[in-house]
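J.: Have a look at this one.
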Amino acid sequence: MIPTAFVQLAQMPLNPNGKLDRKALPAPEALLRSTAEYIPPRTPTEVELAQIWSEVLGVQEIGVKDHFFELGGHSLKVLGLIQKISSVMGVQLQLQLVFNLPTVEQMAHEISKLQTKDAPDEEEMEIIHFPGKGALKVFCFPPRVGYSLGYYEMARELEGHCEVYGLEFIGDRFESQDMLDRYMDAIVGIQAEGPYVFLGYSLGGNLAFEVVKPWKAEVNRSATLLWWML
């Protein structure tokens with residue numbers, strides 16, 4: 001519910017009846033601009049990617065230095081961007097790369113490398129480290145049908161208090177114990193010692209609980225579980 005753009009007007013446009021003339025209001029999309037200086041796309045990859053950004057964000061003029069999130073990008077548009085890049089450019093971009101490489105220039109460079117890179121032998125579990133720093137690390141598990149990207153807005157609200165990590169669902173690719181072991185290894189790789197804070201939504205709450213159970217018996221580790229259920 002937070003607006004992606006604010007437009008300041010000297011006065012509100014009114015119709016002859018004295019009511020707000022909504023059609024006369026300027027379109028926010030036309031006024032959205034990144035804080036960066038406009039530099040047009042220079043390479044074929046940048047041109048193609050800028051067109052995809054334009055369609056996803058609803059912004060006409062995209063420069064190579066523009067920032068995806070400053071132009072109104074949010075969690076749903078990140079998914080739309082990745083799907084569009086996959087269908088148009090034939091590259092499966094990881095969610096984390098959108099946060100790490102949020103400009104057309106950076107993203108196009110990475111896409112060019114991926115287009116010439118051989119496919120990995122084994123698909124790895126994707127972990128999203130949302131932008132932001134804090135004294136406490138929070139590990140989030142998504143619902144069965146969904147992505148941990150849904151925690152993006154929460155991570156923004158926790159800026160300065162927590163570092164938020166999203167672990168994607170991998171239950172379709174691994175057996176139960178192997179799946180839990182992979183989650184545990186990934187979490188320990190990020191935070192070696194407790195206390196741990198796990199958060200899960202819907203089935204993600206069940207998954208977080210299963211990951212917590214073997215750790216509760218260990219002396220050197222403790223875990224706090226936040227369990228969201230609808």
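The values are calculated or read from the model by the stated rules, or taken from the named source; none is laboratory data. Everything quoted here is computed from the prediction, not taken from an experiment. Positions of Cβ are generated from backbone atoms using ideal geometry, with glycine treated the same way; all protein chains shown enter the neighbour counts. Note: areas computed on protein heavy atoms with side chains; ligands, DNA, RNA excluded. Shrake-Rupley method; radii C 1.70, N 1.55, O 1.52, S 1.80 Å.
J.: What number of residues within region 183-210 satisfy the criterion of being without any contact (Cβ under 8 Å) to a residue 60 or more places away in the chain, open to solvent by 50 Å² or more (accessible area, probe 1.4 Å) and under 18 Å from Lys137 (Cα atoms)?
T.: Qualifying residue count, region 183-210: 6.
J.: Name the single residue, out of those in region 27-74 being among the polar types (S, T, N, Q) and modelled with pLDDT under 90, that is farthest from Leu97 (Cα to Cα).
T.: Narrowing region 27-74 to residues among the polar types (S, T, N, Q): 34-35, 43, 45, 51, 54, 60.
Right, trim to modelled with pLDDT under 90 and you get 34-35, 60.
On the way: Ser34: 19, Thr35: 21, Gln60: 23 Å.
Among residues in region 27-74 that are among the polar types (S, T, N, Q) and modelled with pLDDT under 90, the one farthest from Leu97 (Cα to Cα) is Gln60.
J.: From the set of residues in region 184-225 that are charged (D, E, K, R), farther than 24 Å from Gly134 by Cα and in a helix (DSSP H, G or I), which is modelled with the lowest pLDDT?
T.: First pass over region 184-225, keeping only residues charged (D, E, K, R): 185, 193, 210, 213, 216, 218, 221.
After this cut, where a residue has to be farther than 24 Å from Gly134 by Cα as well, the list is 210, 213, 216, 218.
The next check asks that each one be in a helix (DSSP H, G or I); those that pass are 210, 213, 216.
On the way: Glu210: 84, Lys213: 78, Lys216: 63.
Going through the qualifying residues, I end up with Lys216.
J.: I'd like the residue in region 132-148 that is farther than 14 Å from Gln94 by Cβ and modelled with pLDDT under 85 and, out of all such residues, is most open to solvent (accessible area, probe 1.4 Å).
T.: Start the filter on region 132-148 by keeping residues that are farther than 14 Å from Gln94 by Cβ, which leaves 132-146.
If we keep only those that are modelled with pLDDT under 85 too, we end up with 132, 142-146.
Working: Gly132: 20, Pro142: 2, Pro143: 25, Arg144: 98, Val145: 131, Gly146: 31 Å².
Looking at the filtered set, the residue picked out is Val145.
J.: Return yes when Leu95 is closer than 19 Å to Phe130 by Cβ, buried (at least 17 other Cβ atoms within 10 Å of the Cβ) and at pLDDT 90 or above and no when it is not. Full working, then the answer.
T.: On the way: closer than 19 Å to Phe130 by Cβ: yes; buried (at least 17 other Cβ atoms within 10 Å of the Cβ): yes; at pLDDT 90 or above: no.
No, not satisfied.
J.: Take Ser75 and decide whether it is open to solvent by less than 70 Å² (accessible area, probe 1.4 Å), within 21 Å of Tyr151 (Cβ to Cβ) and of a type in the set (Ser, Thr, Tyr). Step through it out loud before you land on a result.
T.: On the way: open to solvent by less than 70 Å² (accessible area, probe 1.4 Å): yes; within 21 Å of Tyr151 (Cβ to Cβ): yes; of a type in the set (Ser, Thr, Tyr): yes.
Judged against the criteria, Ser75 is a match.
J.: Residues being within 14 Å of Gln106 (Cα to Cα), surrounded by 15 or more Cβ atoms within 10 Å (Cβ to Cβ) and in contact (Cβ under 8 Å) with a residue 24 or more places away in the chain: count how many of those fall in region 38-64.
T.: The total comes to 10.
J.: Next question. I'm checking my understanding of the structure. Among residues of region 149-182 that are among the small types (Gly, Ala, Ser) and at pLDDT 80 or above, which one is surrounded by the most Cβ atoms within 10 Å (Cβ to Cβ)? Explain how you work it out, then say what you get.
T.: Of the residues in region 149-182, the ones among the small types (Gly, Ala, Ser) are 150, 155, 160, 166, 171, 176.
If we keep only those that are at pLDDT 80 or above too, we end up with 150, 155, 160, 166.
On the way: Gly150: 17, Ala155: 24, Gly160: 9, Gly166: 26.
Residue satisfying both the conditions and the ranking: Gly166.
J.: Please return the ranges of helices (runs of 4 or more DSSP H) entirely within region 35-136 where 3 or more residues are touching a strand residue (DSSP E or B) at 6+ places or on another chain (Cβ under 9 Å) and under 26 Å from Tyr183 (Cβ atoms).
T.: On the way: elements: 44-57, 75-89, 95-100, 104-115.
By residue number, 95-100.
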